[in-house]
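Working notes for the structure below.
Just so it is clear, none of the values below were taken in a lab; they were calculated from the coordinates. This is a predicted model, so every value here is computed, not measured. Cβ coordinates were reconstructed from backbone atoms using ideal geometry, including for glycine residues, and neighbour counts include every protein chain displayed.
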Amino acid sequence: MQHKIMIEKKDGEILVGMLHETGSNGIVIACHGFLCTKDQPIIVNLAMALENEGISVFRFDFTGNGESDGSFQYGNYYKEVEDIRAVIKYFSGVNRKIISILGHSKGANVVLLYASKYHDVDLVVNVSGRYYLDRGIEVRLGANFMERIKNNGFIDFTNQGETLSFFAK
Ligand SMILES: *[C@@H]1O[C@H](CO)[C@@H](O)[C@H](O)[C@H]1NC(C)=O
């Protein structure tokens, strides 16, 4: 059984996620990667596979992605760590045990950072964590993206049919 859950963060913004409820007390938190959402096939497939094993899973959109509040930001690893914190606090508050945090791609880097900061989840799953950060971004943002951001203060690009802007801070 799946149902949507909204979790309010400390700053009042809402994170939206989908709970695959099997009735297990233990729950796995699944985290998507860069320019992705909780509905990306790899995240959904992993959630379904765990659900089929009787394990509850919560997959959610990070701030500024998918259905969650906030505007999209580039990088913001520690903001995403705090998103996970809010999710874990929510589920601990309703007496669920967090058995694992699982992340894909950039989400894997974020769950590793989370674990190094908070030390309260025993099992951290790194699915294709990013390790060679020089590559991959240009494919999505276009050639010379850093130069264009510097010159114009922003760049526009298209992601899955949606136009997004990155602004320099
Ligand atoms: C996470 O996975 C990547 C491969 O995708 C690997 O390079 C990296 O070392 C892993 N990190 C840890 C802490 O195991």
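If we keep just the residues of the stretch 88-114 that are under 19 Å from residue 15 (Cα atoms) and of a type in the set (D, E, K, R), which is surrounded by the fewest Cβ atoms within 10 Å (Cβ to Cβ)?
89
Out of all the residues in the stretch 73-83, is one or more surrounded by 18 or more Cβ atoms within 10 Å (Cβ to Cβ), in contact with a strand residue (DSSP E or B) (Cβ under 9 Å, 6 or more places away or on another chain) and hydrophobic (A, V, I, L, M, F, W, C)?
No, because not a single residue in the stretch 73-83 is surrounded by 18 or more Cβ atoms within 10 Å (Cβ to Cβ), in contact with a strand residue (DSSP E or B) (Cβ under 9 Å, 6 or more places away or on another chain) and hydrophobic (A, V, I, L, M, F, W, C).
Tell me, which residue of the stretch 122-151 that is surrounded by 13 or more Cβ atoms within 10 Å (Cβ to Cβ), more than 14 Å from the ligand (Cβ to nearest atom) and not charged (D, E, K, R) is nearest to residue 28 (Cα to Cα)?
Once the filter is applied, the top-ranked residue is 137.
Do you know which of the residues in the stretch 65-115 that are among the aromatic types (Phe, Trp, Tyr) and within 16 Å of the ligand (Cβ to nearest atom) is farthest from residue 19 (Cα to Cα)? Steps first, please.
First pass over the stretch 65-115, keeping only residues among the aromatic types (Phe, Trp, Tyr): 72, 74, 77-78, 90-91, 114.
Now narrow it down to the ones that are within 16 Å of the ligand (Cβ to nearest atom): 77, 114.
Values: 77: 23, 114: 21 Å.
Top of the filtered list is 77.
For the stretch 128-149, check the following and say yes or no: at least one residue is in contact with a strand residue (DSSP E or B) (Cβ under 8 Å, 6 or more places away or on another chain), in contact (Cβ under 8 Å) with a residue 60 or more places away in the chain and part of a helix (DSSP H, G or I).
Yes: one or more hits.
Among the listed residues 23, 54, 70, identify the single one that is surrounded by fewer than 21 Cβ atoms within 10 Å (Cβ to Cβ), under 14 Å from the mean Cα position of the chain (by Cα), farther than 16 Å from residue 105 by Cβ and of a type outside the set (A, V, I, L, M). Outline the logic, then answer.
Values: 23 fails: under 14 Å from the mean Cα position of the chain (by Cα); 54 fails: under 14 Å from the mean Cα position of the chain (by Cα).
Only one candidate passes the filter, namely 70.
Is it the case that residue 71 is hydroxyl-bearing (Ser, Thr, Tyr) and free of Cβ contacts under 8 Å to residues at least 12 places away in the same chain?
On the way: hydroxyl-bearing (Ser, Thr, Tyr): yes; free of Cβ contacts under 8 Å to residues at least 12 places away in the same chain: yes.
It is true that residue 71 is hydroxyl-bearing (Ser, Thr, Tyr) and free of Cβ contacts under 8 Å to residues at least 12 places away in the same chain.
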